[in-house]
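Participant: Please read through the structure below; I'll follow up with questions.
The values are calculated or read from the model by the stated rules, or taken from the named source; none is laboratory data. This is a predicted model, so every value here is computed, not measured. Reconstructed Cβ throughout: ideal geometry from the backbone, glycine too, with neighbour counts over all protein chains shown.
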Amino acid sequence: MLTASRRWRRDGKSIGLVPTMGALHAGHLSLVERARLENELVVVSVFVNPIQFGPNEDLERYPRDWNHDFKMLEAAEVDAVYRPSVMAMYPPEASTRVRVGGLTDTLEGAARPGHFEGVATVVTKLFAAVEPDRAYFGQKDAQQAAVVNRLSRDLDLGVEIRVVPTVREPDGLALSSRNVYLSAEERHAALAISAALREAAGAYASGERDQARLRARLAARLALEPLVKPEYAELVDPATFRKPGTLAVIAAKVGKTRLIDNHDLEKPFPG
Ligand code: PAF
């Protein structure tokens, strides 16, 4: 990978990187398509990053299916795949971690201690290995995209961060590699998350601006599904991830599966 991207750089070709943890789906392909439009070469990294998982999270059972991923990447005609081993990324002597301040104190940062440090560290390493001009992240992980944007600016990494809209199933469920964990019953219950965002967007479009009432709407819709246990359902500023704001963000457990989703109420909910 290093050799290829150095050669491409030398040849003056622009490189778009799509960082993934595999278990690829149409959401990832939309990142690849956008990268293809904006760059001469598209690189996808596939690496399940152990240091962004907490001790009680799903690292062991995180879906891994290289045959499936390979077929999707081949069909998408990406130019290269970077698929390092855990040992290559984190040899035993490696002791450096990258921490982004401020943005990481709330929501996912508060709920998953160490998560964003793991993300920032691996993204820094991926950028160093691939040397992309642009990197592509999904809006579903809105806070992650903001953290990576801050990282690239603060460390002068020179990588433009592009955020691509969330891809949803026709019934509204946001695509996520973790959806494969859901039973049929849980999948049905999980629709409460996108339904809550849709209802809050509808209320906002009808003129509702009261943060407490909009938050109550999110909570009330989620409460209709006993299988859904919200961790947070908030309205935050899309730049700072602090209250108040128009970005409705939800994290909820559905059975054992933790899902996140968000929607900026200033925009109509798709579909
Ligand atoms: O969003 C993901 O899949 C991961 O957090 C990322 C950005 C590939 C870093 O491991």
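Participant: Out of Ser30, Ser14, report the one residue that is hydroxyl-bearing (Ser, Thr, Tyr) and either surrounded by 19 or more Cβ atoms within 10 Å (Cβ to Cβ) or over 29 Å from Arg97 (Cα atoms) (or both). I'd like the intermediate steps shown before the answer.
Facilitator: Working: Ser14 fails: either surrounded by 19 or more Cβ atoms within 10 Å (Cβ to Cβ) or over 29 Å from Arg97 (Cα atoms) (or both).
So the residue among Ser30, Ser14 that is hydroxyl-bearing (Ser, Thr, Tyr) and either surrounded by 19 or more Cβ atoms within 10 Å (Cβ to Cβ) or over 29 Å from Arg97 (Cα atoms) (or both) is Ser30.
Participant: Scan segment 131-161 residue by residue and report those that are surrounded by fewer than 22 Cβ atoms within 10 Å (Cβ to Cβ) and either among the β-branched types (Val, Ile, Thr) or at pLDDT below 95 (or both).
Facilitator: If the condition is that a residue be surrounded by fewer than 22 Cβ atoms within 10 Å (Cβ to Cβ) and either among the β-branched types (Val, Ile, Thr) or at pLDDT below 95 (or both), then Ile161 is the only one that fits.
Participant: Where the second residue is modelled with pLDDT of 95 or more and within 16 Å of the ligand (Cβ to nearest atom) and the first is farther than 10 Å from Gly27 by Cβ and in a loop (DSSP other than H, G, I, E, B) and lies in segment 160-177, which pairs have Cβ atoms under 8 Å and are six or more apart or on separate chains?
Facilitator: Glu169/Leu175; Leu173/Asn179
Participant: Take the residues in segment 14-26 that are outside any loop (DSSP other than H, G, I, E, B) and in contact with a Ser or Thr (Cβ under 7 Å, 6 or more places away or on another chain), then tell me which one is farthest from the ligand (Cβ to nearest atom).
Facilitator: Ile15
Participant: Does Arg9 satisfy being more than 16 Å from the ligand (Cβ to nearest atom), in contact with an Asp or Glu (Cβ under 7 Å, 6 or more places away or on another chain) and part of a helix (DSSP H, G or I)?
Facilitator: Taking the combined requirement at face value, the residue satisfies it.
Participant: Considering each residue of segment 178-191, count those that are within 20 Å of the chain's Cα centre (by Cα), assigned to a helix (DSSP H, G or I) and either away from the ligand (no atom under 16 Å from the Cβ) or of a type in the set (Phe, Trp, Tyr) (or both), and give that number. Give the steps one after another, and end with the answer.
Facilitator: Step one: filter segment 178-191 for residues within 20 Å of the chain's Cα centre (by Cα), giving 178-182, 187, 190-191.
Filter once more, so that each one left must be assigned to a helix (DSSP H, G or I): 178-181, 187, 190-191.
So of that shortlist, the ones also either away from the ligand (no atom under 16 Å from the Cβ) or of a type in the set (Phe, Trp, Tyr) (or both) come out as 181, 187, 190-191.
Number satisfying all stated conditions: 4.
Participant: State which residue pairs qualify: first residue over 17 Å from Met89 (Cβ atoms) and inside segment 126-140, second residue within 13 Å of the ligand (Cβ to nearest atom) and of a type in the set (Ser, Thr, Tyr) in any location, beta carbons under 6 Å apart, and separation of 6 or more residues or different chains.
Facilitator: From residues that are over 17 Å from Met89 (Cβ atoms), the pairs are Gln139/Thr166; Lys140/Thr166.
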